[in-house]
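Presented below is the structure to which this report refers.
The values are calculated or read from the model by the stated rules, or taken from the named source; none is laboratory data. Everything numeric here is computed off the predicted structure, so don't read it as measured data. All Cβ positions, glycine included, derive from the backbone under ideal geometry; neighbour counts span all protein chains shown. Protein only, heavy atoms only, side chains kept; ligands, DNA and RNA dropped before computing areas. Shrake-Rupley method; radii C 1.70, N 1.55, O 1.52, S 1.80 Å.
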Amino acid sequence: MYVLSAFCLIATASFAFANEEIKTEDGVLVLTKDNFERAIIHNEFILVEFYAPWCGHCKALAPEYAKAAKTLAEQGSAIKLAKVDATEETELAEEYQVRGYPTLKFFRSQAPVEYNGGRQADDIVSWLLKKTGPPAKELKTVEEAKEFIEAANVAVIGFFKDQTSDTAKAYLSAAATIDDHPFGITSEEAVFKEYEAECGNIILFKKFDEGKVLFEGEATEKDIKKFVTGNSLPLIVEFNHETAQKIFGGDIKSHLLLFLNKGEEHFEKVVEAARSVAKPFKEQVLFVTIDAAEEDHQRILEFFGMKKEEVPAARLIKLEEDMAKYKPDKNDLTAESIKRFVERFLAGKLKQHLLSQELPDDWDTEAVKILVASNFDSVVFDYKKNVLVEFYAPWCGHCKQLAPIYDKVGEHFKDHKKVVIAKIDATANELEHTKITSFPTIKLYTKRENKVIEYNGPRTFEGLIKFIESGGVDGAEETDPFEEEETEDDDSPRKDEL
C-alpha cells in the first residue's frame with residue numbers, strides 16, 4: 001500500500017509539473033517543440049492551433065479561441081486548447097503537415113484528427129464537447145435546461161418520454177453528426193411543462209430572429225439535420241471571416257447574395273426587404289449580405305464579373321452545379337422583386353448567367369486568335385478546321401510561362417488553312433458546355449467529328465506541334481465536351497476561395 005500510495009503521489013506531481021511548465025496566454029497553452037509531446041501525453045483531449053503571427057484569419061480567430069478556452073475552464077472541462085507558432089516551430093508544422101493557417105488538430109489520447117468545426121467560441125466548444133461526450137446532454141431539471149439554452153447561441157432539445165423510440169434514435173443520430181451546436185435530451189415532465197412541449201417535440205432555441213422553432217417535419221435523421229442547419233443561421237447572414245465556413249460549407253447550397261455597401265442609405269432598406277420575405281425559403285436558400293466596399297471582398301465581385309458601380313445588386317448561386325450563377329432581370333431590390341427572383345430560381349425558370357467579355361475588333365488579327373463566350377462556338381466548332389484552345393487565367397503563373405511558347409505555336413500555324421490556334425480567358429468567359437477546373441487547360445477540337453481532346457503532354461513548342469500534327473494522338477486525353485472535367489494542376493481555379 002505504501003509503495004502504491006507513493007507511486008500515485010509521484011504520478012500526480014509529475015502530471016501537475018508537466019502542465020505547470022507550459023506557459024499560457026489567455027487560457028491557451030503555448031506549445032513549442034520542447035513541450036509539445038508532454039502536453040499531448042498529459043492531456044487526454046487537446047485542440048491545437050498551428051498559426052502564423054501575420055495571418056489575418058489567425059488574428060480573427062484568436063479572441064474566439066481564448067473565449068472557448070475560458071468557457072471550457074469555467075465548465076470544469078478536462079479539454080485544453082493550445083497553440084503553436086508554426087513559423088517558429090517549423091519541425092512541428094512539417095510533422096503535422098501544416099499547409100495553411102490556421103490549421104487546427106484535435107488530439108484524443110495522442111491521436112490527431114482534423115478539426116472541421118466553426119471558428120466562433122460557441123462552435124469550438126460545441127464541437128469539442130460533441131467529440132468527447134454523448135451526442136445529446138441529459139437534462140434532468142428546468143434549471144439544467146435553462147443553463148443549457150443560455151450557454152449557446154443555438155441549442156437544440158429533444159423531448160422524449162421514451163429515449164429508445166425510433167424518433168429519439170433519429171434525433172440522437174442527427175445530433176451525433178452535427179458538431180456546430182449542442183443537443184440536449186429530456187424525459188422530465190417539469191422541463192416539458194416549462195417549454196410547453198409534447199412528447200416527440202424537437203425545439204431549436206436561438207438568440208436571434210424568432211427565438212425558437214418547433215420541428216414539424218418527418219422525424220428522420222436527414223430531415224432533423226435539414227431542420228437544424230436551416231434554422232441555426234439568421235434569416236439574413238452577413239458574410240465575413242467567421243461565417244464564411246458556415247455559409248459555403250453548410251448543407252444549403254443555394255444562396256441569394258446581396259451585394260451592398262454597409263453604412264450607405266440602401267443597406268438597411270434592402271436588408272429589411274430581404275428579411276421580410278426570407279422565412280419561407282430558409283431551408284432551401286440562404287440569404288447572405290456581402291459588404292462590397294470591403295477590400296477583402298473584391299475577389300468575390302470579380303468572380304461574378306461585377307463592378308463596384310453596380311452595387312446594390314443581387315445574384316443567386318448554386319454550389320452543387322459548379323457554382324452556377326443567376327442574375328435578376330432588374331436591380332430593383334424590393335421585397336417583391338427579391339421574392340420573385342428566388343421563386344423563379346426554385347421553379348427552374350431562370351437561365352444561368354454566364355460571364356462574357358466584349359469581343360475585341362482585332363480578335364483575329366494576331367497568330368493566336370482571341371476567343372470570348374460569344375464567338376467561341378462559331379470558331380471552335382468549325383468542322384473544316386482543327387482548333388487548339390488554351391483556357392487561361394490572367395493571374396496564373398503557368399499560363400504566363402506558357403505564353404511565349406504558345407505564341408510561337410500560333411506563328412507556326414499562322415498561314416495554315418485548316419489549323420487555328422486560339423486562347424480564352426476562362427475567368428471572364430463562361431461556357432455552358434465546358435467547365436474548366438485548372439489552368440492552363442489546352443484542348444484540341446478536331447475537324448469533321450468535333451472531338452475534344454485534352455493535351456496532357458509537356459508544355460513545350462515541340463510537344464504542342466506534335467499534338468496538333470498527330471491529330472491529337474500524341475500527349476492526349478480524349479474527353480466529352482459536354483461532361484465536366486477535373487484535372488490536377490498547381491494553378492487550380494480560385495473560384496473555391498469564394
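How long are the semi-axes of the equivalent ellipsoid of the stretch 350-478, taking √(5λ) for every eigenvalue λ of the Cα gyration tensor, in whole Å from largest down? Walk me through the intermediate numbers first.
Working: eigenvalues 89, 54, 47 Å².
Taking √(5λ) for each eigenvalue gives 21, 16, 15 Å, largest first.
Lys pairs in the stretch 389-436, Cα-Cα under 22 Å, at least 8 apart or on separate chains: how many?
Final tally of qualifying lysine pairs is 9.
Let me know the shape class of the stretch 366-422, please: from the alpha-carbon gyration tensor, a ≥ b ≥ c as square roots of the eigenvalues, rounded when a/c is under 1.5, otherwise prolate if a/b is greater than b/c, or oblate. Present the calculation step by step, with values, prior to reporting the outcome.
Working: a/c = 2.68, a/b = 1.33, b/c = 2.02.
It is oblate, given that a/c is not under 1.5 and a/b is not larger than b/c.
In nm, give the distance between the simple-model label positions of residue 331 and residue 59, each being 7 Å from the Cα along the Cα-to-Cβ direction.
My value for the distance between the label points is 3.2 nm.
Using DSSP to call loops (not H, G, I, E or B), can you name the GluC sites (Glu not before Pro) in the stretch 330-434 whose Cβ has at most 14 other Cβ atoms within 10 angstrom?
Listed in order of number, the matching sites are 358, 366, 432.
For the stretch 295-403, report the accessible area per residue in Å² (1.4 Å probe, heavy atoms, rounded to an integer).
Details: 6030 Å² over 109 residues.
Here the per-residue accessible area is 55 Å².
Give me the Kirkwood hydrodynamic radius of the chain, using the inverse of the mean 1/r over all pairs of distinct Cα atoms, in Å to one decimal. Could you put the intermediate results ahead of the total?
Numbers: mean 1/r = 0.0374 Å⁻¹.
For the chain, the Kirkwood estimate is 26.8 Å.
Carbon and sulfur together cover what percent of the accessible area of the stretch 293-358 at a 1.4 Å probe radius? Numbers along the way, then the final one.
Working: 1680 of 3980 Å².
Using a 1.4 Å probe with all protein chains present, the stretch 293-358 comes out at 42 percent carbon and sulfur.
I'd like to know which of 71, 116, 104 lies farthest towards the positive end of the charge dipole of the stretch 63-124, counting +1 on Cβ of Lys and Arg and -1 on Cβ of Asp and Glu.
71
Greater than 24 Å separation of Cα atoms is the criterion. Which listed pairs, 130/226; 59/308; 226/279, meet it? Could the numbers behind the result be given before it?
Numbers: 130/226 19 Å; 59/308 28 Å; 226/279 15 Å.
Result: 59/308 exceed 24 Å.
How large is the helix-only mean residue ellipticity at 222 nm for the chain, computed as the sum of -39500 (n - 2.57) over DSSP H runs with n ≥ 4, divided by its residue count, in deg cm²/dmol to the nearest 500? Working shown, then result.
Working: 16 runs with 172 residues, N = 498.
Result for the chain, helices only: -10500 deg cm²/dmol.
Of the options 51, 126, 211, report the single residue whose Cα projects farthest towards the positive end of the charge dipole of the chain (beta-carbon charges: Lys, Arg +1; Asp, Glu -1).
211
Can you tell me the accessible area per residue over the stretch 66-129, all protein chains present, probe 1.4 angstrom, in square angstrom? If you can, show how the numbers build up before the last one.
Details: 3190 Å² over 64 residues.
Using a 1.4 Å probe on heavy atoms only, each residue of the stretch 66-129 averages 50 Å².
Report, to the nearest whole %, how much of the accessible area of the stretch 198-289 belongs to carbon and sulfur atoms, 1.4 Å probe, protein only.
Details: 2090 of 4280 Å².
Exposed carbon and sulfur together represent 49 percent of the surface.
Treating only the Cβ atoms of Lys and Arg (+1) and Asp and Glu (-1) as charged, compute the dipole magnitude of the stretch 37-103 about its Cα centre; round to the nearest 20 debye. Each step should come with its number before you reach the end.
On the way: 7 positive and 11 negative charges, 72 e Å.
So the magnitude is around 340 debye.
Run through the DSSP bridge list for the chain and note the antiparallel percent, rounded to the nearest 5. It would help to have the intermediate numbers written out before the result.
On the way: 41 of 76 bridges.
Restricted to the chain, the bridges split so that about 55 percent are antiparallel.
Just to confirm, what accessible area per residue do you get for the stretch 135-208 at 1.4 Å probe, in whole Å²? Could the numbers behind the result be given before it?
Details: 3420 Å² over 74 residues.
Here the residues of the stretch 135-208 average 46 Å² of exposed surface.
Any idea how far apart residue 320 and residue 344 come out in nm if each label point goes 7 Å out from Cα toward Cβ?
2.2
Name the residues whose placed amide hydrogens come within less than 5 Å of the amide hydrogen of residue 238, ignoring near sequence neighbours (fewer than 5 apart) on the same chain.
Long-range HN contacts for residue 238: 289.
Round to the nearest 10 and give me the degree value, 0 to 90, for the angle of helix 56-74's Cα axis relative to the longest principal axis of the chain.
20
Could you tell me how many degrees, from 0 to 90 and to the nearest 10, lie between the Cα long axis of helix 221-231 and the main elongation axis, the longest principal axis, of the Cα atoms of the chain?
Helix 221-231 and the main axis of the chain meet at about 80 degrees.
Using the Cα centre of the chain as the reference point, and only Cβ charges (+1 on K/R, -1 on D/E), how large is the resulting charge dipole? Debye, rounded to the nearest 20.
Details: 64 positive and 93 negative charges, 139 e Å.
My answer is approximately 660 debye.
Percentage of Cα-Cα pair distances in the stretch 144-282 greater than 24 Å, rounded to whole percent? Spell out each step's value before the answer.
On the way: 3405 of 9591 pairs.
Result for the distance tail: 36 percent.
With the cut-off at 1.5 for a/c, could you classify the stretch 44-151 from its C-alpha gyration tensor as rounded, prolate or oblate?
prolate
With +1 on each Lys and Arg Cβ and -1 on each Asp and Glu Cβ, how big is the dipole of the stretch 110-256 about its Cα centre, in debye rounded to the nearest 20? Intermediate values should be presented prior to the final figure.
Details: 17 positive and 26 negative charges, 78 e Å.
Here the stretch 110-256 has a charge dipole of around 380 debye.
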